[in-house]
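Working notes for the structure below.
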């Protein structure tokens, strides 16, 4: 489970020192909910990155190659300040900290949800999220 541990470590590293394991779990749950509840599912979320000029980065997360990084500012540009503000509010942190933590987590999480280099939707996406949550929160 090395990569799953690495994902969890990225979240902890991206969050302020005042955040504990509860903050990590909350962020992961929010990101998983964001993917699942996004109009168009994972494809719809990736479409937002394409529209923001970040298609190359998003495509790298789905592909079987290395994941390209994204900054918190780029993520905020793609998802919108309101969405980031709502996430930050739920986590009790600043928008900058929330977007940075999301930027650290999202590429690896999407990579885990697309192991064959293909975007899954519907039941397959729900099953992937459930399986991933089970591994991360076990």
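The values are calculated or read from the model by the stated rules, or taken from the named source; none is laboratory data. For clarity, every value in this text was computed on a predicted model and none was experimentally measured. Because the Cβ atoms are built from the backbone with ideal geometry, glycine has one as well, and the counts that use them run over all protein chains shown.
Does residue 101 meet the test of being in contact with a helix residue (DSSP H, G or I) (Cβ under 8 Å, 6 or more places away or on another chain) and not in a loop (DSSP other than H, G, I, E, B)? Show your work before the answer.
Working: in contact with a helix residue (DSSP H, G or I) (Cβ under 8 Å, 6 or more places away or on another chain): yes; not in a loop (DSSP other than H, G, I, E, B): yes.
Yes; evaluated as a whole, the condition is true for this residue.
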Note on region 71-93: residues part of a loop (DSSP other than H, G, I, E, B) and at pLDDT 95 or above are 71
So, residue 126, is that one over 17 Å from residue 49 (Cβ atoms), modelled with pLDDT of 85 or more and surrounded by fewer than 17 Cβ atoms within 10 Å (Cβ to Cβ) or not? no
When you scan region 63-91, how many residues do you find that are within 20 Å of residue 114 (Cβ to Cβ), surrounded by fewer than 14 Cβ atoms within 10 Å (Cβ to Cβ) and over 15 Å from the mean Cα position of the chain (by Cα)? 3
